[in-house]
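Here the structure comes first, spelled out in structure tokens, and everything after it is commentary.
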Amino acid sequence: MSEDGPDLVVAGAGGGLVAALRAAELGLDVLVVEASAHFKRGNNTAMSTAMIPGAGSRWQRAAGIDDSPQQFLDDVLRKTKGTADLRLASTLADVSAPLVEWLADHVQLPLTLVTDFAYPGHSQFRCHTVEGRHGSGMLEHLARAVAAEPRIDMLMPARLTDVSVDSDGAVDGVTITMPDGSVDRVPTRAVLLATNGYGANAELVAEHVPEISAARYHGSEHSNGDALTIGRRLGADSAYLDAYQGHAALSKQATTLVGWATVMHGGVVLDASGHRFGDETTGYSEYAAILAARPGSEGWVVIDREIYDKCLSFKDFQQTVDSGAAVWADDTDGLAAATGLPPAAVAEELAAVQKYSRGEASDPFGRTSFEHSLTGPYAAIKIVPALFHTQGGLVVDENARVLRTDGSAITGLFASGGAAMGISGHGAAGYLAGNGLLPALGLAYLAASSLRTTQLL
């Protein structure tokens, strides 16, 4: 690094590593500041399912899938009922395919297109992922690429606690706090806040998303809203603070993700009374709050052997079943005994689901997708609702530059992922699979790519 400091300081070693790699590719020196020494398994990127939407990618073309950024944007607007930020959603839809192709070509991330089932809200197969379908594998690969890049230095554990600006309001340095409380100031002209949202901050969660505040938090302990604190101190605007990704299928026993592939392949969710209580295929994010409102705030996901086998490709699901969280039964009476649910209710619900799947009756909740008829032997896993991460944050433009309340950009300050506002609209219902990772990786990529064009460096 030069005496003037790094060209870019990245706060957060999740999706922020994409910015570091992109900036290094452009010939810039980067310092990554990360709060956790265990970030490769403990941050939200590592805990994700590594699903990255890419609309119009070469994998889609090879599979004969006709997709485009406009189709993706239409899906986002449909799922959010038109409440997503149009400018940002359009920007991320446009960059989605170039992003996944850059990750594969420049970073050698081994991506494949997920075509074995459709995620709720996506009209095309457009989610790209790594083997095991788990963020830890993806982040491990990014971290290795960073370690091999001489232009990138990493400082951890350390926390970026402040950003300073000069008399013109442009970034001129950062304050870094070490675990022993010592502080250091590092000069720089560009900072990317990639510290995620405020999911670990119980006070902010209760204020902005009270309907999910009683659910388990399943994310990084360092997602305390640091970016909001720093940005607001500099006059930054914020938006969509009520947006979040929930998940209705966290194993109560193992505290691992059961996964919504169980449902999309034909599984159902029963509450403590043994009954279904909604259309599970509307989406796992919004179903978290629905499950949280049921008696006891817990339920059971019920699948069969065929669905079980299909879901083993997910590392999270494999870890869940390896923990012993799944109970098995040959018939509905056995299933009721294994789960403690009322036998008559279980038999009634599963018989009804068979009729819906065969087209002999209509689901009263409006579910139309039942991949096949559930048949014994059955497996059931007890689930609880969870908060994964918040989706609101600092307002950014098409280059991920943080904007003030008057719409002007804070020169040199960028935000990505949960530190920035997302594209899921308000609440949890607008979330599409991958729309957490896309702002995390996509905005990081755009921020680094813009450093030269914005004449910062």
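The values are calculated or read from the model by the stated rules, or taken from the named source; none is laboratory data. This one's a predicted model, so the numbers in the text were calculated from it and none came from an experiment. Please note: Cβ atoms are built from the backbone with ideal geometry, for glycine as well, and neighbour counts cover all protein chains shown. Heads up: the accessible areas ignore ligands, DNA and RNA and are worked out on the full protein's heavy atoms, side chains in. Shrake-Rupley method; radii C 1.70, N 1.55, O 1.52, S 1.80 Å.
Some notes on this structure:
- Straight-line cross-link reach from K79 at under 27 Å between alpha-carbon atoms covers these lysines, not counting any fewer than eight positions away in the same chain: K310.
- Euclidean distance of C-alpha centroids, segment 1-71 and segment 254-276, integer Å: 31
- ³J(HN,Hα) computed for each position of segment 12-26 - Karplus, 6.51 cos²θ - 1.76 cosθ + 1.60, integer Hz, glycine/proline x: x, 9, x, x, x, 5, 5, 5, 4, 5, 5, 5, 4, 4, 7
- Stokes-Einstein diffusion of segment 232-315 at 4 °C, 1.567 mPa s viscosity, Kirkwood radius from Cα pairs, rounded to a whole number: 90 µm²/s.
- Inter-label distance, R61 to L26: 2.5 nm, where each label sits 7 Å from its Cα along the C-beta direction.
- Spatial separation of Cα centroids for segment 422-445 and segment 336-387, in angstrom: 30
- The portion of the accessible surface of segment 109-200 made up by carbon and sulfur, rounded to a whole percent, is 51 (1.4 Å probe; DNA, RNA and ligands excluded).
- Taking a point 7 Å out from the Cα of D4 in the direction of its Cβ, the residues of segment 173-205 whose backbone N falls within less than 12 Å of it are 188-190.
- Label point distance in nm, E221-L312, each placed 7 Å from Cα along Cα→Cβ: 3.5
- Tail beyond 34 Å, pair distance distribution of the chain (Cα, percent): 32
- Inter-label distance, nm, simple model (7 Å from Cα along the C-beta direction), E360/W328: 2.7
- Computed from Cα atoms alone, the Kirkwood hydrodynamic radius reported for segment 298-457 is 19.6 Å.
- Overall Cα dimensions of segment 145-216, principal axis frame, Å, largest first: 44, 37, 26
- Cβ-Cβ FRET estimate between S373 and E131, R0 fixed at 45 Å, reported to 0.05: 0.90
- Extension gain from R41 to R232, taking 0.36 nm per residue of separation minus the Cα-Cα distance: 65.8 nm
- Residues of segment 370-397 falling in the label zone of A214, defined by backbone nitrogen less than 15 Å from a point 7 Å along Cα to beta-carbon, are 384-387.
- Helix 343-357 axis versus longest C-alpha principal axis of the chain: approximately 70°, rounded to the nearest ten.
- Placing a label point 7 Å from the Cα of A338 along the Cα-to-Cβ direction, the residues of segment 298-323 whose backbone N falls under 12 Å of that point are 301-306, 308.
- Rg over Rh [alpha-carbon atoms, Kirkwood Rh] for segment 335-426: 1.31
- Chain lengthening between T175 and Q319 when straightened (0.36 nm per residue, less Cα-Cα): 47.9 nm
- The simple Förster model, with R0 at 35 Å and r as the Cβ-Cβ distance, assigns D153 and D406 a FRET efficiency of 0.50.
- For segment 119-256, diffusion coefficient by Stokes-Einstein and Kirkwood Rh (Cα), 25 °C, 0.890 mPa s, µm²/s: 134
- Difference of contour (0.36 nm per residue) and Cα-Cα distance, V183 to E348: 53.1 nm
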